[in-house]
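Structure, as C-alpha cells:
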Amino acid sequence: VECTTMEILSVDYMELVAAGDMVDKDGNNLDAKLRSIVMNKREELKRSRVLHDHEVFSQLKRSSIEKLLSTMQFHRYQPGDFLCKQNELADRLFVMLSGSCSVHIDQKDGPPKKVAEIVSKDGECQVFGESAIESDGDGVRTATLIAGDGVECTTMEILSVDYMELVAAGDMVDK
C-alpha cells in the first residue's frame, strides 16, 4: 500500500484562512479551532509530565522540556495510515495521545511481520520512535508503524531537529 502526502505551503494556507475558505459547516474558522486543540494537547502533556518522566528526556532541564512542548506538532492518523516506514529517516519522536498502532518488521522472505501493538488507553500517553532522538537525527526507522483499525490515532510529535537544537544550545541538565 502506497501512502501519498501533500504539502501545503503556510503562505497558501494563510491565504485560504484569510479568504474565509477554511471554515467548518457552521462557518467557524478552522485555523482557530486547530490552534486551540494543539494548545490544549500541549497543556495536557505538560500536566501529565509524560516527557519529564521519560528516560529519553531525563537529561533535559525543565525549561527545555517546556520548549519542546511548544514545538510539538499535532497529527491525526486514520486507521491504516502510516506513521512511519521501516528504513526511512527517523526524523521525529511520537507521543501517542489516543488510539493505537501496529508495529511491523520487514522479513527477508515474505510480507512484513506484525510484532507488536502500541495502545494508548485510559488517557495514558505512549512515547515511541526514540531512534529519532537517540541517533542525532541521522538514524533510520527500525519498523513500520500503522495506525490501528477502527479508531483514529492522535499524536504530538517532536522533530529531531528541534531536540538537537536544545542539546546544541547546552540545554541539558547541569551535573
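Residues in region 25-45 that are open to solvent by less than 80 Å² (accessible area, probe 1.4 Å) and over 16 Å from the mean Cα position of the chain (by Cα) were compared, and the one that is modelled with the highest pLDDT is SER36. Being farther than 17 Å from LEU159 by Cβ, open to solvent by 70 Å² or more (accessible area, probe 1.4 Å) and of a type in the set (Lys, Arg) is the filter; apply it to region 46-79 and report the residue that is nearest to the chain's Cα centre (by Cα). Residue satisfying both the conditions and the ranking: ARG76. All of (1) buried (at least 17 other Cβ atoms within 10 Å of the Cβ); (2) under 19 Å from HIS54 (Cβ atoms) hold for PHE82 with one exception: (2).
Within region 155-172, being modelled with pLDDT of 90 or more and either open to solvent by 30 Å² or more (accessible area, probe 1.4 Å) or out of contact with any Phe, Trp or Tyr (no Cβ under 6 Å at 6 or more places or on another chain) (or both) holds for no residue.
The values are calculated or read from the model by the stated rules, or taken from the named source; none is laboratory data. The shown structure was predicted, so the numbers you read here are calculated from the model rather than taken from an experiment. Methodologically, a virtual Cβ is constructed for each residue, glycine included, from the backbone with ideal geometry; neighbour enumeration extends over all protein chains shown. Accessible surface areas use protein heavy atoms only, side chains included; no ligands, DNA or RNA. Shrake-Rupley method; radii C 1.70, N 1.55, O 1.52, S 1.80 Å.
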